Amino acid sequence: MSIEKGDSIPSFQLNDQNGIVFNSDDVIGKKPVVIYFYPKNFTPGCTKEACSFRDSYEDFKEIGAEVVGISGDSEKSHAKFTAKYNLPFILLADSTGKVRKKFGIKKSLLGLVPGRETFVIDAQGKLIFKFNSLDASQHMKKALKAIKKIN
């Protein structure tokens, strides 16, 4: 079952790129949040997507929003990815896929690749926009546009 517009976001805990436990309840319901799920660190599309969020991160911060990336990569891989591309936001390691499952994200490309999906959540913790596409270039633009509409 996937999360739909108007739904509350499920609570979850995952380790970030520094090995620190991220508790979604510390952020969701307190300020706008963009959560983007992506297939794998260091792949061309995922690097492009992460760098687009990095390059517009200040636009999200000015609005008071947080950006969180989630993939099945390890904390160590996230730490290397963050360092190589100077990513200023949180990356979470969902190695078991439990959070991906909570959000109802399906695999794409005949079930071979973890899906790429972006969720925009308002300050009350409700989903206001979601976007599912393997085209990495559109996720940040659509997320920023959706966040700007609620402020």
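The values are calculated or read from the model by the stated rules, or taken from the named source; none is laboratory data. Computed from a prediction, not measured in an experiment: that's the story for all the values here. FYI the Cβ positions are ideal-geometry reconstructions off the backbone, even for glycines, and counts take in every protein chain you see.
Observations, loosely collected:
- Scope the range 55-109; condition under 15 Å from the mean Cα position of the chain (by Cα) and hydroxyl-bearing (Ser, Thr, Tyr); matching residues: 56, 57, 71, 82, 95
- Residue check for residue 80: modelled with pLDDT under 95 and charged (D, E, K, R): no
- Within the range 11-41, considering residues that are in contact with a Ser or Thr (Cβ under 8 Å, 6 or more places away or on another chain) and in a loop (DSSP other than H, G, I, E, B), the one nearest to residue 122 (Cα to Cα): 11
- Close pairs (8 angstrom Cβ cut-off, 6 or more residues apart or separate chains): touching a residue at least 12 places away in the same chain (Cβ under 8 Å) and β-branched (Val, Ile, Thr) in the range 22-35, assigned to a strand (DSSP E or B) and surrounded by fewer than 21 Cβ atoms within 10 Å (Cβ to Cβ) anywhere: 27/66; 33/66; 34/66
- Some residue of the range 93-100 being part of a helix (DSSP H, G or I), on the phi < 0 side of the Ramachandran plot, basic (Lys, Arg) and surrounded by fewer than 17 Cβ atoms within 10 Å (Cβ to Cβ): yes
- Qualifying residue in the range 86-99 (condition: among the hydrophobic types (A, V, I, L, M, F, W, C), touching a Gly at 6+ places or on another chain (Cβ under 6 Å), within 20 Å of residue 25 (Cα to Cα) and in contact (Cβ under 8 Å) with a residue 12 or more places away in the chain): yes
- When the criteria are applied in full, residue 118 fails the requirement of being surrounded by 15 or more Cβ atoms within 10 Å (Cβ to Cβ), in contact (Cβ under 8 Å) with a residue 24 or more places away in the chain and farther than 17 Å from residue 2 by Cβ.
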